[in-house]
Amino acid sequence: MVITLKWIYKVKLDELGGILKNKARLVARGYRQEEGIDFEESFPPVPRLEAIRIFLAYAAHRNMVVYQMDVKTAFLN
């Protein structure tokens, strides 16, 4: 199966409604893939809730300090 592509166009406007710049990106239409034909398994980019609960329970049991952070640029290429 060939994965088709699609161009997405967006116009960025300034606060007065004037055109600031035109943006375009090319995206793959991965939603057209079929499990078992195009791929075998898929995994979400976030952990399951059970894994988070187990980690927090273990950290509490060991009296560990848990820090939270968010990396917004983690997947930029």
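Scanning region 30-77 for residues that are over 19 Å from the mean Cα position of the chain (by Cα), modelled with pLDDT under 75 and among the acidic types (Asp, Glu) yields a total of 4.
Taking the criterion of being exposed (fewer than 10 other Cβ atoms within 10 Å of the Cβ) and either assigned to a strand (DSSP E or B) or in contact with a helix residue (DSSP H, G or I) (Cβ under 6 Å, 6 or more places away or on another chain) (or both), the residues of region 13-26 that qualify are ILE19, LYS21, ASN22, ALA24, ARG25, LEU26.
The values are calculated or read from the model by the stated rules, or taken from the named source; none is laboratory data. The model shown is predicted, which means the values in this text are computed figures rather than measured ones. Every residue, glycine as well, gets a Cβ built from its backbone with ideal geometry; the counts of neighbours run over all protein chains shown.
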